[in-house]
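Each remark here refers to the structure printed beneath this line.
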Amino acid sequence: MTTPYALCPMPSFQHFTLIFVGRSGSGKGTQAELIIKELARQGCPEDKILYVETGKRFRQFLAGDNMAADQARTVMENGELQPAFLSITMWANVFVEELRPEHEHVLLDGSPRRLDEAKVLDQALTFFERKKPIVINVQVSETWARERLTARHRTDDARPGDIDKRFAWFARDVVPVIEWYRINPDYTFLEVNGEQTVEQVQSEIFAKLGLK
């Protein structure tokens with residue numbers, strides 16, 4: 001059966017533009033990487049996939065020696081959400097410097113986290129002619145996410161109250177983004193149950209994308 005979204009070996013006018021959203025600890029990054037592996041398995045060369053992993057790029061930025069990095073480290077140490085302009089800078093620089101016409105697929109993980117950021121991203125996707133983006137909301141409960149975050153023993157989850165602050169800004173800032181995407185006719189919105197095994201979540205996402 002022909003799917004509405006292209007894989008690299010297949011000629012099409014439309015390619016994957018995937019935006020992963022969900023709580024911290026929901027496994028968004030894992031699922032993005034599994035999609036990339038599946039696209040490669042089906043014959044898509046690595047240089048035709050642009051993976052914008054905002055969290056990884058932000059951690060690299062925090063290691064810098066400048067005022068912006070110093071300020072951002074303070075925000076992180078306080079358990080707060082980084083300002084939208086800084087998050088936009090992370091992925092906007094990638095788009096400007098790395099996005100090319102030959103990129104069949106673009107995946108974003110970790111952005112947007114504020115409504116104003118989502119609207120700027122919308123402008124960017126329109127500018128770069130990324131047609132009909134797909135939003136994948138990996139839905140998990142607060143209890144589930146807390147267990148995952150605690151188990152992974154990362155530094156930014158270690159101090160008492162850090163996870164609570166993450167959940168607070170998720171409810172305040174990220175949930176409105178998710179709801180904006182849910183009703184936006186310019187996007188295909190897919191919601192998946194993240195409270196399954198990695199393989200089960202993968203199977204649900206692949207089925208909804210037509211990857212199997």
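Values in this text are rule-based calculations from the coordinates and carry no lab data. All values reported here derive from a predicted model rather than from experimental measurement. Backbone-built Cβ (ideal geometry, glycine too); neighbour counts: all protein chains shown.
Things worth noting here:
- Compared with the dominant principal axis of the Cα atoms in the chain, helix 198-209 is inclined by about 50°.
- Helix axis angle, 84-98 relative to the chain longest principal axis, alpha carbon, degrees: 40 degrees
- Listed residues P83, P101, P176, most fluctuating in the chain (Gaussian network, C-alpha, under 10 Å): P101
- Residues R152, R166, sorted so that the one with the fewest Cβ neighbours within 10 Å comes first: R152, R166
- Measuring between alpha carbons in the structure, the pairs from K132/K165; K48/K119; K48/K165; K37/K165; K131/K165 lying more than 31 angstrom apart are K132/K165; K48/K165; K37/K165; K131/K165.
- Sorting E204, E77 from the fewest to the most surrounding beta carbons within 10 angstrom yields E77, E204.
- If you model segment 17-209 as an ellipsoid using its alpha carbon gyration tensor, with each semi-axis the square root of five times an eigenvalue, the axes come out at 25, 21, 17 Å, biggest first.
- Helix-derived mean residue ellipticity, 222 nm - over the chain, DSSP H n ≥ 4, -39500 (n - 2.57), to 500: -14500 deg cm²/dmol
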